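Notes to accompany the following structure.
The values are calculated or read from the model by the stated rules, or taken from the named source; none is laboratory data. Here the structure is a predicted model, which means the values were calculated and not measured. For neighbour counting, all protein chains shown are included, and Cβ atoms are generated from backbone atoms with ideal geometry for every residue, glycine included. The area values use the complete protein model at the heavy-atom level, side chains included, leaving out ligands, DNA and RNA. Shrake-Rupley method; radii C 1.70, N 1.55, O 1.52, S 1.80 Å.
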Amino acid sequence: MNKSILPISFLTAALVIVGVYIYYINLYAVNIPITDDYDLVRVKYMLLTNDFSLWQKIQLLLEPENDHRILVPRSIALCVYAIKGYIDYRTLIWIVNGSLMGILGFWFISFLKRGFVAGYFIPVLLWYLTPFVFDVTLWGINGMQHTTLNLLVFATFYLLAYHPAAVPTLFAFVLAFAATFTNGNGFLVFPAGLTMLLLAKERTKSLWWSVGMVAALLAYFLNYSVGQATKVTISGEFIQNLIVSFAALSGGWLAAFKGSNQDFLLWGAFGIGLITLLSLVIWLTLNTLFSPPKPVKNKPYFWVGIFVFSVLTIGIIAVSRGGRDVYSVFTSRYSLYPLHLLTLVYVMLLVWKPVSRAWISGVAAAFGLTFAVASVYQYQIDVDVRRRSLVADHYNWRQHHKLITHFRSELADFFTQPAYKKGIYRFADSPLAAAEPSLAQPVDTTSLQPFQLTLNSTSKPVDFFGHPQTVWQFTLENNDCPQPGLGKGNGVFIVLKSRQNTTYVLPTWPSQAGKKQFLARGELYRPGFKVTLYNENFRPDDYQIGILYSTKEGNKLQYTSNVLRVDSLRAQLLTRP
């Protein structure tokens, strides 16, 4: 291939991949908090409503949240507040994705320093910039806890590996300290960095790095309170689950191809993970401890740091999650770490001399494209369900101060409503803003349309803060309502309207059309939907059911002849003539 053409073709391909990804994030990022995001609301509310000293403010920012000290994410959110006047979660999502681009930038630099052709990096873009990572790219606080953390970690390893002078090493320590206070696994940057320095035979730096590691550890656990994730019960089953989930998450990228077969995912990922770990340990050992002297840039110290950090993080996840439930490690929020290991395997194959690099790169690009398509099929439904639920509750919270898709949300957080009144966060940019005038109007009973709908009621045992009880749910289901495709409108919503004009907006959960339909026609969803909700979230009444959906002309609301009669114990579907 003409080398002068290669950079142009690489830039073109890279810009297309990144551009499509940015367009995707722009479509699905919303300025609505998700679960842990409300921690930022609580922190800012307490800062505004209390006359804290400087030390008390620092203590508040350092408070553990779900076992993690998240000083850096909280500080970033407060900076956004200082600039914009409110916490903008969509801005935080863009910061998260900027961090992901930074991670890819450090990967790319390591490729170039090893002498790889720029075009070999295309497969890496294909498997990182997909819905596979949606839980850390479309979520403000959780995204910073993982993606921004990894950016700090990669920057630390870059300085330690490629800039061995004293000043860059000192800056690397500052970044490592920041990583420690970004998420719980951030502290693992220190043992990973120490491994790099020991392999490079930097004994003096290793000593000082160890001192800094102890200082960071002491600072992290100062006034630390243990959370639920670190409370584990050791048993034979726990040890077995721990081992299985550790290896399975190491090959966790297989989740993009899992379909509905959980056993295939678990044991397939387990086998891939074992092979991945064994091959990388052998390769990195041979290229550090048993290789002849080489220039620093040709030594894989940067990759050693990523490997050790990823493996240690996977170990922590296996202890805190996998030991109790082996399938829990396959959530998208942990997706970066198996992708790091996948990229290291790709690097290992590129430096394997018996095989042509161009051939390896071509196979990897084909795999990356397949992975991207599989990720869209596998995870887009999760993205749409979450976004529709957020958009619906965006409306419901402003109307009723309650999240209809959650269980007793009004009791779970005591800062949300007063913080909203103070303008700490805002719901001024609702994706359904154009539909709200029609949502405010009473039902026109002269234009009701028949609509196929079924209802099922079930009871569910719940343990609400140590108080076991039984609550009732109802499920609304349809099998012929068209569902919009990828990026086409806000989706389909159910509207409930009482004669007193009490209004609720409910999300609909689509069903996948099947792989053949997706690959042949690009259709993700088959017609129809269902949604399951708690009875007690609604005021007892009769509600006319409407369907809100997107058209080329905008949002359209059509009321049906169906009526939902609901109270805390029962739900009934009626028909109005």
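Partners of Lys57 within straight-line reach, counting lysines whose Cα lies under 16 Å from its Cα and excluding those fewer than 8 residues away in the same chain: Lys44.
How large, in percent, is the carbon and sulfur part of the accessible surface of region 1-125 at a probe radius of 1.4 Å? Ligands and nucleic acids excluded, carbon and sulfur give 68 percent. Over 22 Å apart at the Cα level, from the set Lys402/Lys422; Lys258/Lys488; Lys84/Lys421, are Lys258/Lys488.
The residues of the chain expose, per residue, 45 Å² of accessible area to a 1.4 Å probe.
Working note: Karplus 6.51/-1.76/1.60 with θ = phi - 60° gives region 382-391 the couplings 5, 4, 5, 4, 5, 5, 5, 5, 5, 5 Hz, where Gly and Pro are set to x. Candidate cross-link partners of Lys353 among the lysines, defined by an alpha-carbon separation under 29 Å and a same-chain spacing of 8 or more, comprise Lys3, Lys113, Lys201, Lys294, Lys297, Lys299.
Of the labelled options [x] 87, 72, 45; [y] 152, 54, 41; [z] 86, 61, 51, which one gives Cα extents along the principal axes in Å as computed for this structure? Matching entry in [x] 87, 72, 45; [y] 152, 54, 41; [z] 86, 61, 51: [z].
Run the accessible area of region 432-575 with a 1.4 Å probe and give the carbon-and-sulfur part as a rounded percent. The value for region 432-575 is 50 percent carbon and sulfur by accessible area. Taking the charge dipole of region 432-575 about its Cα centre, with +1 at Lys and Arg Cβ atoms and -1 at Asp and Glu Cβ atoms, the residue from Gln572, Leu486, Thr532 reaching farthest to the positive side is Leu486. Give the carbon-plus-sulfur fraction of the accessible surface of region 330-417 in %, rounded to a whole number; probe 1.4 Å, heavy atoms of protein chains only. Carbon and sulfur: 64 percent of the exposed surface of region 330-417. A cut-off of 5 Å between modelled amide H atoms, ignoring neighbours fewer than 5 places along the same chain, links Asp541 with Val566. Solvent-accessible surface (1.4 Å probe) assigned to Phe246 amounts to roughly 60 Å².
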